[in-house]
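The values are calculated or read from the model by the stated rules, or taken from the named source; none is laboratory data. Note that this is a predicted model, so its numbers are computed, not measured. Please note: Cβ atoms are built from the backbone with ideal geometry, for glycine as well, and neighbour counts cover all protein chains shown.
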Amino acid sequence: MHKVVITGIGFVSCIGIGKEEVASSLRNLRHGFKRIQLAGDEVGPELVCGSIDGFEFNSCEARDWIFPGSAEIDHGILRSMPPHGIYALVALEEALQQAGLDRSSLGDGRTGLFCASAGSARLLHHHLSRISASNWMRASPMCVVRSIAGTLNFNLAAHYGITGASCGFVSACASSSHALGYAFDEIALGRQQRMLVAAAEDGDAECLLPFLGMRALSSNLDPDSASRPFDQDRDGFVGSPGGTAIVLESADSASKRGAVPLARMLGWGQATDGQNVAAPHPEGAGIRAAMERCLASCGIDALDVGWINAHATSTPAGDRAEALAIRALGYARPEAETLISSTKGLTGHGLSFAGALEAAVSVLCLQQGIVPGNAALDQPDPACEGLRLPTSTVDRNPQLILNNSSGFGGSNVTHLLGLC
Amino acid sequence: MAVNGASALRNSIEPEDLERCLTGIFLFYLPPGTEVEEAQLSGDLSLRDGLGLDSLSLAEAMFKVEELFETRVENSELTGIETIGGACQLLMGKLESAAAGCESDA
């Protein structure tokens, strides 16, 4: 098995664009939420949502989009992109720059690309409306590649000239964690020397408002307390747009070209609840098994982990299930020093890009030597009894981090990340 | 160019206005990095080799034409379009047929 390291990370998130802004937000527990009428002024419900300054996708026409560097990007590249493709592109450029790679080095067949997004519901709606208006006689040739799940890998693979592996992953909020896990396997098994992982979501009205039907969104209109993972008064998640990118490499490959590894990915595990299409197992059986399998595959004792970067989205059922699963692994024992927190109190829930975002945040925390606190946590849910839940950021290098993700269908993924 | 051509077409269907409008639409959908000098533009300029439209760009442009002129270009017709003039001729035929249909209905 080849040792796998991470040599680049990139962020477009509501708590910052780029590593420096994100690190500052994590250290100071600064969230990125605003009270917004997502569907437009005076239309639809008001909600607290993640907000990213400098990116405007009000039109479905890519020529009208505004984002950092938009003037330098040719329309020919944008024409097949969904809005979240831009988030991923900007994040990937940052990650590649940090890794010391450029586009010319990615078409060597030894570099692959795994992506995660749910597609663009907004563009699909837009295009289907136009098709319907023509009595199903006319369709834009870009309709499919701009909007379906997979649009991210179609666009980025073509743009970066990828000739190695490429694939999109769809397991709802565990999607990008699966992408990262299988990217690890590609390198560990010697199939690829280098893998790019990119994940993003539009995070707009069409993406988020359908969750109202599941009663999954927070109805709390205070940006300072709407997203409060593990708190007994939590009432749902706060949705967020954005994108993340991670460059993984075999340690040998990174060493040969003089790249500085930021962190090591030791392994991953996955398991499925096998009982409900949307709700988590009440005692977190799946996420518990995912953590156990991850630790076993890496040969690491549970209590050697310094921080569990929890999936906890601030929904009543999900946070409780994960807390019980974490306790079942012994983390509530008096001798356990492992800190437990969810950065979704700051970032909100990025849906399919959440897992990769939190993996990149974990890498950043290893670099910074910090464990972010649970923002907005006031009274912990009794299910968390015995767990160490910091409410402010702790100046302690976690050394080893478990990064949890869970998605619909009861899919659960855990990564183990650590210092090199 | 496309806007001026389209504005003129509101008043009458003149081949030169239609050609200006179509040329503007084709230029709008050119693939990245394609540069065309205005002096090159003529009715017999090849869409693929001369103008540089790839198949996806041509499909996009024709989708816009279909929407703008409320017409339908069949796949077999699309593959037969080779020049700006050819596209203009095809569309002119469709517009004249539609206009004749409207007159006979009246």
Positions within the range A:173-204 being of a type outside the set (Lys, Arg) and either assigned to a loop (DSSP other than H, G, I, E, B) or more than 20 Å from residue A:117 (Cβ to Cβ) (or both), in sequence order: A:174, A:185, A:187, A:188, A:189, A:190, A:192, A:193, A:202, A:203, A:204
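In the list A:399, A:368, which residue meets the criterion of being on the phi > 0 side of the Ramachandran plot and surrounded by fewer than 24 Cβ atoms within 10 Å (Cβ to Cβ)? Spell out the reasoning first.
Working: A:368 fails: on the phi > 0 side of the Ramachandran plot.
Result of the check over A:399, A:368: A:399.
Do we find a residue being of a type in the set (A, V, I, L, M) and in a loop (DSSP other than H, G, I, E, B) anywhere in the range A:239-253?
Checked the range A:239-253: no residue is of a type in the set (A, V, I, L, M) and in a loop (DSSP other than H, G, I, E, B).
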Is there any pair with a first residue in the range A:124-149 that is facing chain B (nearest Cβ under 10 Å) and a second that is of a type in the set (D, E, K, R) and surrounded by fewer than 14 Cβ atoms within 10 Å (Cβ to Cβ) whose Cβ atoms are under 8 Å apart and which are 6 or more apart or on different chains, and what are they? A:137/B:72; A:138/B:72
From the list A:380, A:372, A:398, exactly one residue is in contact with a Gly (Cβ under 6 Å, 6 or more places away or on another chain) and touching a residue at least 12 places away in the same chain (Cβ under 8 Å). Which is it? A:398
If I filter the range A:350-362 for residues that are touching a residue at least 24 places away in the same chain (Cβ under 8 Å) and either surrounded by fewer than 24 Cβ atoms within 10 Å (Cβ to Cβ) or of a type in the set (Asp, Glu) (or both), do I get at least one hit? yes
Which numbered condition trips up residue A:67, out of (1) in contact with a Ser or Thr (Cβ under 9 Å, 6 or more places away or on another chain); (2) buried (at least 18 other Cβ atoms within 10 Å of the Cβ)? (1)
For the range A:75-91, state whether one or more residues are touching a His at 6+ places or on another chain (Cβ under 6 Å) and more than 14 Å from chain B (Cβ to nearest Cβ). no
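What number of residues within the range A:186-216 are out of contact with any His (no Cβ under 8 Å at 6 or more places or on another chain), of a type outside the set (Lys, Arg) and in contact (Cβ under 8 Å) with a residue 60 or more places away in the chain?
Filtering the range A:186-216 down to residues out of contact with any His (no Cβ under 8 Å at 6 or more places or on another chain) leaves A:186, A:191-199, A:204-205, A:207-216.
Keeping just the survivors that are of a type outside the set (Lys, Arg) gives A:186, A:192-193, A:195-199, A:204-205, A:207-214, A:216.
Now narrow it down to the ones that are in contact (Cβ under 8 Å) with a residue 60 or more places away in the chain: A:186, A:192-193, A:195-199, A:204-205, A:207-210, A:212, A:214, A:216.
Looking only at that region, the number is 17.
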Could you list, in sequence order, all residues of the range A:38-64 that are surrounded by 13 or more Cβ atoms within 10 Å (Cβ to Cβ) and out of contact with any Leu (no Cβ under 8 Å at 6 or more places or on another chain)? A:50, A:51, A:52, A:55, A:56, A:57
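With respect to residue A:100, is the statement that it is buried (at least 18 other Cβ atoms within 10 Å of the Cβ), under 24 Å from the mean Cα position of the chain (by Cα) and modelled with pLDDT of 95 or more true? Break it down into steps so the answer makes sense when it comes.
On the way: buried (at least 18 other Cβ atoms within 10 Å of the Cβ): no; under 24 Å from the mean Cα position of the chain (by Cα): yes; modelled with pLDDT of 95 or more: yes.
Spelling it out, it is not the case that residue A:100 is buried (at least 18 other Cβ atoms within 10 Å of the Cβ), under 24 Å from the mean Cα position of the chain (by Cα) and modelled with pLDDT of 95 or more.
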Within the range B:23-60, can you find the residues that are without any contact (Cβ under 8 Å) to a residue 12 or more places away in the chain, under 23 Å from residue A:142 (Cα atoms) and away from every other protein chain (no Cβ under 11 Å)? B:35, B:49
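Return the residues of the range B:28-56 that are part of a helix (DSSP H, G or I) and either farther than 17 Å from residue B:67 by Cα or at pLDDT 90 or above (or both); say none if nothing qualifies.
In the first step, residues of the range B:28-56 are kept if they are part of a helix (DSSP H, G or I); the result is B:28, B:38-40, B:47-51, B:55-56.
B:38, B:39, B:40, B:47, B:48, B:49, B:50, B:51, B:55, listed by residue number.
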Go through (1) within 12 Å of residue A:49 (Cβ to Cβ); (2) in contact with a helix residue (DSSP H, G or I) (Cβ under 8 Å, 6 or more places away or on another chain); (3) surrounded by fewer than 24 Cβ atoms within 10 Å (Cβ to Cβ) for residue A:221 and report which single condition fails. (2)
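Looking at A:210, A:229, which one is under 19 Å from the mean Cα position of the chain (by Cα), closer than 18 Å to residue A:407 by Cα and not hydrophobic (A, V, I, L, M, F, W, C)? Working first, answer last.
Numbers: A:210 fails: under 19 Å from the mean Cα position of the chain (by Cα).
Every option except A:229 fails the conditions.
Would you point out the residue of the range A:95-122, among those that are touching a strand residue (DSSP E or B) at 6+ places or on another chain (Cβ under 8 Å) and assigned to a helix (DSSP H, G or I), that is nearest to residue A:240 (Cα to Cα)?
Going residue by residue through the range A:95-122, those that are touching a strand residue (DSSP E or B) at 6+ places or on another chain (Cβ under 8 Å) are A:95-101, A:105-106, A:110-118.
Next, only the ones that are assigned to a helix (DSSP H, G or I) stay: A:95-99, A:105.
Working: A:95: 21, A:96: 24, A:97: 25, A:98: 25, A:99: 27, A:105: 32 Å.
Checked the range A:95-122; the qualifying residue nearest to residue A:240 (Cα to Cα) is A:95.
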Those residues of the range B:61-80 which are more than 10 Å from every other protein chain (Cβ to nearest Cβ) and not β-branched (Val, Ile, Thr) amount to B:68, B:69, B:74, B:75, B:76, B:77, B:78, B:80
